[in-house]
1. Among the listed residues Leu117, Leu43, identify the single one that is in contact (Cβ under 8 Å) with a residue 24 or more places away in the chain, more than 25 Å from Ala144 (Cα to Cα) and open to solvent by 80 Å² or more (accessible area, probe 1.4 Å).
2. Restricting to the stretch 67-87, name every residue that is hydroxyl-bearing (Ser, Thr, Tyr) and outside any helix (DSSP H, G or I).
3. So, Arg56, is that one open to solvent by 20 Å² or more (accessible area, probe 1.4 Å) and under 21 Å from Ser110 (Cα atoms) or not?
4. Given the conditions (1) in a loop (DSSP other than H, G, I, E, B); (2) surrounded by 19 or more Cβ atoms within 10 Å (Cβ to Cβ), which single one is not true for Ala48?
Amino acid sequence: PVFRKIMAACSSLDAQLVLSLGKWNEEETSVRETLGEIPTNALVVDYAPQLAILERAAMLITHAGINTVMESLRHGVPMVSLPRNADQPGMAARIEFAGAGLGAPATRCSQTQLRSLIERVLREKPFRQRAAELQRSSVTAGGAPRAAEIVEQAIVTKRPVMH
């Protein structure tokens, strides 16, 4: 249902939608068969090269998993989040708090509400500006390589890493 909702919300946008389905059912078959009619502006695939797409993306619609959120911010791309469970609602709240996007629970967000969130993130410059600021901050801080160094140093020295 969430994929159909995303396609419907984006169907009349002057934008290319790339919808990556994954293989979410026990049979490990494509979810494509359950989608119904696919809008002409939608490219539907089982898997997409997310990092390559983020290099060109105007925005990302995400479930708000930490890896996807961090990759989006690393590319300066604002987001609309549709969290479902686990850490996703917390990450969605952080996206909004940081000013890098908007969100609503996947199960309670209507197609109309989703369309409104998408339009706001695309139209209102502060979302893109804040995502770009977070991108610069991530690069300056050293990103994942620096985080790994800090963890390794803390393990080896058994002390907090202050600098």
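1. Working: Leu117 fails: open to solvent by 80 Å² or more (accessible area, probe 1.4 Å).
On inspection, the qualifying residue turns out to be Leu43.
2. Just the residues of the stretch 67-87 that are hydroxyl-bearing (Ser, Thr, Tyr), to begin with: 68, 72, 81.
Once the filter is applied, which keeps residues that are hydroxyl-bearing (Ser, Thr, Tyr) and outside any helix (DSSP H, G or I), the stretch 67-87 yields only Ser81.
3. Against the criterion (open to solvent by 20 Å² or more (accessible area, probe 1.4 Å) and under 21 Å from Ser110 (Cα atoms)), Arg56 does not qualify.
4. Looking at each condition in turn, Ala48 falls short on (2).
This table checks each residue for (1) over 13 Å from the mean Cα position of the chain (by Cα); (2) of a type in the set (S, T, N, Q); (3) surrounded by 12 or more Cβ atoms within 10 Å (Cβ to Cβ).
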residue	(1), (2), (3)
Ala64	no, no, yes
Met70	no, no, yes
Gln111	yes, yes, yes
Ser138	yes, yes, yes
Ile150	yes, no, yes
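The values are calculated or read from the model by the stated rules, or taken from the named source; none is laboratory data. Because the structure is predicted, anything quoted here is derived from the model rather than measured. Glycine also receives a Cβ, built like all others from the backbone with ideal geometry; neighbour counts cover every protein chain displayed. Ligands, DNA and RNA are stripped out before the accessible areas are found, and what is left, the full protein with its side chains, is counted by its heavy atoms. Shrake-Rupley method; radii C 1.70, N 1.55, O 1.52, S 1.80 Å.
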